[in-house]
Each structure stands twice: as C-alpha cells, then as structure tokens.
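Here's the structure we're looking at; comments come further down.
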Amino acid sequence: MALLVNGNSKLDKGVWCWSITPVASCPNCKDCKDNCYALKSYNQYPAVKPCWDAHFELAKSGVFKGLIIKELARKKQNKVTAIRIHVAGDFFSQQYVNDWMEIATLFPEFTFYSYTKTMHLFNFVGFNYLDNVNIINSITEDGGINFGDEKYVTELQEKGYTICPAAYWKNLKCGSDCKLCYTKSKIAFL
C-alpha cells in the first residue's frame with residue numbers, strides 16, 4: 001500500500017498526498033462533519049476507505065513516521081517537490097504533529113503544507129516555523145472558516161486573506177502554476 005500518492009487533477013504531479021480517515025481523525029469537526037468534502041471520496045470509491053483507515057491506524061500507532069521517512073527517501077529520485085498532509089483528515093494529537101515536524105526536518109528539499117482546524121488544540125510553533133512547512137489555519141481569527149461562497153470569501157479578502165486562484169482559473173495546477181499554499185498563512189477558498 002502506497003502511503004504517499006499523487007493528488008487530484010488540480011495538483012501538479014510533483015505534489016504527493018497523505019490522507020487519513022475523515023471525521024474520525026478530526027477532533028474539531030463538529031461544524032463541518034455533516035458537509036465534509038472528504039467523506040464523498042471516502043464513501044464513493046471502494047479503494048479509498050480501507051486505505052485511509054489503514055493510514056489512520058498507522059498514524060495512531062506512530063509506525064507511519066518510519067514508513068513515510070523510507071518512502072520520502074525513495075521519492076527523492078522522482079520529481080517530488082511537495083507533500084500535502086491531509087487531503088482528508090486532520091492533526092489529531094500532539095505526538096502526530098511532532099512526528100510530521102520530525103519528518104519535515106529530515107527532508108528540507110520538500111515543501112510540506114496542510115490545512116487544519118486544530119491549530120488551537122496543539123502546539124504547531126516548531127513545526128510551522130520550519131522553512132519548508134506551511135500550516136494554514138482553516139479557522140479565521142473571528143472563529144469562522146476560510147472557505148465559503150463568493151460574498152463570504154470577498155469579506156475574508158478584505159481581512160487580508162488571499163483567494164485561491166483555482167476558483168477562477170479552472171486549469172490552474174497547484175504546485176506549478178500556483179504555490180500560495182506553500183507560503184501564505186491566510187488563504188480563502190471559494
């Protein structure tokens with residue numbers, strides 16, 4: 001079973017992804033679990049559920065860290081440039097955050113990025129200050145979320161958020177055409 005896989009068609013081929021069970025791995029999902037975008041893939045595609053569930057079990061056991069390190073060492077020969085942590089799932093414990101921080105420290109040649117609703121639950125300071133890491137808080141300063149309809153996202157833009165250009169340019173490739181998620185902490189999604 002591959003741990004890191006190519007993402008969807010929006011992502012550049014150099015961006016590899018790690019996912020875990022949605023909702024079950026998300027300690028702060030009370031407001032979004034009923035409309036979780038990741039549940040669609042989780043429930044719709046037969047191979048996804050056992051894969052993400054297995055990843056979650058590995059992550060909870062701590063075994064995943066060594067396996068990811070080995071996989072990244074192999075991927076250095078490929079044209080991998082970035083790792084998106086969590087197409088599905090979220091940071092669920094401090095140890096899990098620390099494991100990802102250790103992985104990112106060992107591979108400064110890769111960019112690691114993620115979106116989370118747990119920034120207030122765990123200590124991301126050491127992790128998010130690494131030069132090759134960007135953790136985007138999906139919860140805004142006023143307790144809202146960083147995605148919504150055009151009116152809401154425009155209001156976020158007035159508060160200093162950058163709107164993801166993929167909302168307007170359908171053929172845009174994240175990771176090659178746009179790298180905002182690699183560097184910006186305030187991204188809003190339409």
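Hey, can you tell me all the residues within the range 138-171 that are part of a helix (DSSP H, G or I), open to solvent by 80 Å² or more (accessible area, probe 1.4 Å) and touching a strand residue (DSSP E or B) at 6+ places or on another chain (Cβ under 7 Å)? The one that is part of a helix (DSSP H, G or I), open to solvent by 80 Å² or more (accessible area, probe 1.4 Å) and touching a strand residue (DSSP E or B) at 6+ places or on another chain (Cβ under 7 Å): Gln157. Condition check: among the aliphatic types (A, V, I, L, M), touching a residue at least 40 places away in the same chain (Cβ under 8 Å) and open to solvent by 50 Å² or more (accessible area, probe 1.4 Å). Does Leu190 satisfy that? Here the answer is yes, as Leu190 does meet what is asked. Residues in the range 1-23 that are at pLDDT 85 or above and open to solvent by 70 Å² or more (accessible area, probe 1.4 Å): Lys13 alone. Taking Lys79 as the residue in question, decide whether it is among the basic types (Lys, Arg), part of a helix (DSSP H, G or I) and open to solvent by 20 Å² or more (accessible area, probe 1.4 Å). For Lys79, the condition - among the basic types (Lys, Arg), part of a helix (DSSP H, G or I) and open to solvent by 20 Å² or more (accessible area, probe 1.4 Å) - is not met. Within the range 57-66, not a single residue is open to solvent by less than 80 Å² (accessible area, probe 1.4 Å), more than 17 Å from Leu3 (Cβ to Cβ) and aliphatic (A, V, I, L, M). Looking across the range 106-137, just one residue is open to solvent by 10 Å² or more (accessible area, probe 1.4 Å), outside any strand (DSSP E or B) and among the hydroxyl-bearing types (Ser, Thr, Tyr), and that is Tyr129.
The values are calculated or read from the model by the stated rules, or taken from the named source; none is laboratory data. All of these numbers come straight from a predicted model, not from anything done at the bench. When we count neighbours, we look across all protein chains shown, and the Cβ atoms used for this are built from the backbone with ideal geometry, even at glycine. All accessible areas refer to the heavy atoms of the entire protein, side chains included, with ligands and DNA or RNA removed. Shrake-Rupley method; radii C 1.70, N 1.55, O 1.52, S 1.80 Å.
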